[in-house]
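Every number here is computed from the coordinates shown, using simple stated rules; none is lab data. Keep in mind that what you see is a predicted model, and the values were worked out from it rather than measured. Cβ placement follows ideal geometry from the backbone for every residue including glycine, while neighbour counts extend to all protein chains displayed.
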Amino acid sequence: MKRTPLYENHIALNAKMIDFAGWEMPLQYEGITSEVMSVRKGIGIFDVSHMGEILIEGDETINFVDYLLTNSFGSLKVGQVMYTTMCNDEGGIIDDLLAYKLGEKRAMLVVNAANTDKDLKWIVDRAKTFKVKVSDFSMDYGLIAVQGPLSEEYLRKFSPDVVELPYYNFGSYAIFGKYCIISRTGYTGEDGFEIYCKWSDTPFIWEELLARGEAFGVKPAGLGARDVCRLEASYMLYGNDMDQDTTPLEAGLSWVVKFEKDFIGKESLLKQKEEGLKRRIRGLEVLDKRIARHGMEVFKDGEKVGVITSGTFSPTLGKSIALAMLDSQLKPSEEVEVDIRGTKVMAKIVKLPFYRGSVKSS
Amino acid sequence: MKKYAKTHEWVSVDGEIATVGITNFAQEKLGDVVYVDLPQINKEVKKGTAFMSVESVKAASDIYAPVSGKVVQVNERLNDQPELVNKDPEGEGWLVKIQMIDQAELNDLLDQGAYKKFCEEES
């Protein structure tokens, strides 16, 4: 199994470790609920070094990346980053990712750990007719996410210039004497930063961030808390809420599909848009404390109308929440039933997001 | 007298009434409990079969009856404070009281020392 540069740190912190996409990752330290609270009230720091980093360089970088991804890379300035999907010819989602415009001829794609190999193969295959070079830097960069309403106040103590970063912008900054790419992004719904650093610098930066953070309530947070935070903030998770058989339109991600440019999957998506969606992701508030989990069926008047894609108990809202792929006729405020291990539990369709945190805009 | 099942429930016996809960080992494995699906009073339970469930952020887990009998009381506090199962699993976080029909079943359960050893082997 693969290990991040912070493996020894997690063990020293007594983390419960799990296998996540072939990586030995911390599920939790003190407990998922208290870690979620740290992120919502103070600061949680996450090891997300397992994420894949793919570099694209060359004269045709911008054209190629724009062709590869559904969102408009060409309209970014150097120093800006965008969230996007990458689709196949049928419009199915291969992955969702962040695309960084490092320069006029350089881009960095940050992809899901479980998809890094698949993505790389797809990208290299598609790059053949473009003047670009594709390389995998996944094992060269560590990645630490600093997330929570106090993130800016805390990080500015060590890297004062990060306060200038608007949401979804990044730059090169020194922190504790180490040069890193710091980006104002995250996956929790809170304000925060993601620090891309050299693999070998990662433990030092992690230890400093933890050691100096007592007054700010800085705590390590694991993948369990990360999943709860992202679900409360209603961010989709690849492999749960979407996969190759889901289109970005169905996943509620039409805002990252730009039909005014050419990209892989455009015809299929355009056709789907014109014909109208048959199903789409909706938010559910389960009217019980039981958790609706991935794969459970959803019913309306006895008829199956969809399936749960993600669900958790939200400690922030004190409610059981879920995302479900439902017939598109169903609208917010309608009630449905979820079959939770043989018991039909009422749930109400609600507008997303479930929770809006300190994140600058969304 | 306190006894333990290999499915990680504990039983504390007072006359014919057995108080049942999950062990500290079990709650650590389970993680933060968010919902306890308590059984109906008077529900008849059979040793070794699932009769209720405890749901954590991670998963829902069935709880197996360590003895046969009838549920005579449930820990109502868990409806509002499911976290008691994590905080004090072998005390305030108890789940149900069962009126036993066959006290001889207790002989099949482990004592504290044997249970501790069993957990060490399992983890």
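Observations on the structure shown:
- Pairs of lysines in region A:52-136 whose Cα atoms sit within less than 20 Å of one another amount to 11, provided the residues are eight or more positions apart or on different chains.
- Three-way shape label, chain B, alpha-carbon gyration tensor, a/c 1.5: oblate
- Computed over region A:52-136, the range of Cα coordinates on each principal axis works out to 27, 24, 23 Å, biggest value leading.
- Net charge dipole, region A:52-136: roughly 280 debye, given to the nearest 20, about the Cα centre with Cβ charges of +1 for Lys and Arg and -1 for Asp and Glu.
- Whole-number percent relative contact order across chain A, with pairs defined as alpha carbons under 8 Å at least 6 apart: 19 percent
- Residues of region A:50-81 falling in the label zone of A:Asp262, defined by backbone nitrogen less than 19 Å from a point 7 Å along Cα to beta-carbon, are A:59-75.
- Kirkwood Rh and Cα Rg combined as Rg/Rh, chain A: 0.96
- Sorting A:226-237, A:336-347 by average packing, meaning the other beta carbons within 10 Å per residue, from highest down gives A:226-237, A:336-347.
- Relative contact order of region A:278-350, defined on C-alpha pairs under 8 angstrom at six or more residues apart (%): 40 percent
- For residues of B:78-85, the mean tally of beta carbons on other chains within 10 Å: 1
- Straight-line cross-link partners of A:Lys266 among the lysines, defined as a Cα under 16 Å from its Cα and at least 8 positions apart when in the same chain: A:Lys258.
- Furthest towards positive pole of dipole, A:Asn115, A:Phe193, A:Phe170, structure part region A:110-198, Cβ charges: A:Asn115
- Cut-off 13 Å, label 7 Å out along Cα→Cβ of B:Ile17, residues of region B:78-101 by amide N: B:96-100
- Extending 7 Å from the Cα toward the beta-carbon at both A:Tyr179 and A:Trp255 defines two label points whose distance is 3.5 nm.
- Rounded to the nearest 20 debye, dipole of chain B from Cβ charges on Lys, Arg, Asp, Glu: 180 debye
- Computed extension gain for A:Glu24 through A:Phe204, at 0.36 nm per residue and net of the alpha carbon distance, reaches 62.8 nm.
- Protection proxy ranking, highest mean first, for peptides A:35-41, A:15-21, B:39-45: A:35-41, A:15-21, B:39-45, where packing is the per-residue count of other beta-carbon atoms within 10 Å, averaged.
- Computed helical MRE - 222 nm, chain B, DSSP H runs ≥ 4 contributing -39500 (n - 2.57), nearest 500: -5000 deg cm²/dmol
- If R0 is taken as 22 Å, the Cβ-Cβ distance between B:Asn79 and B:Glu44 corresponds to a FRET efficiency of 0.50.
- Counting only DSSP beta bridges with both residues in region A:1-137, the antiparallel share comes to about 95 percent.
- Partner shielding of A:90-102 amounts to 0, given as the average count of beta-carbon atoms from other chains within 10 Å of each residue beta-carbon.
- Spacing of the two label points (7 Å from each Cα toward its C-beta) at A:Lys157 and A:Asp89, in nm: 5.6 nm
- Averaged over the residues of peptide B:53-62, the number of Cβ atoms from other protein chains lying within 10 Å of each residue's Cβ is 5.
- DSSP bridge analysis restricted to the protein assembly as shown gives an antiparallel fraction near 95%, rounded to the nearest 5.
- For the pair A:Glu334 and A:Ile11, label points projected 7 Å from Cα toward Cβ lie 5.3 nm apart.
- Close amide-amide hydrogen proximity is noted between A:Ser49 and A:Leu143, each under 5 Å apart and 5 or more residues distant or on a separate chain (H modeled in the peptide plane; Pro and chain starts excluded).
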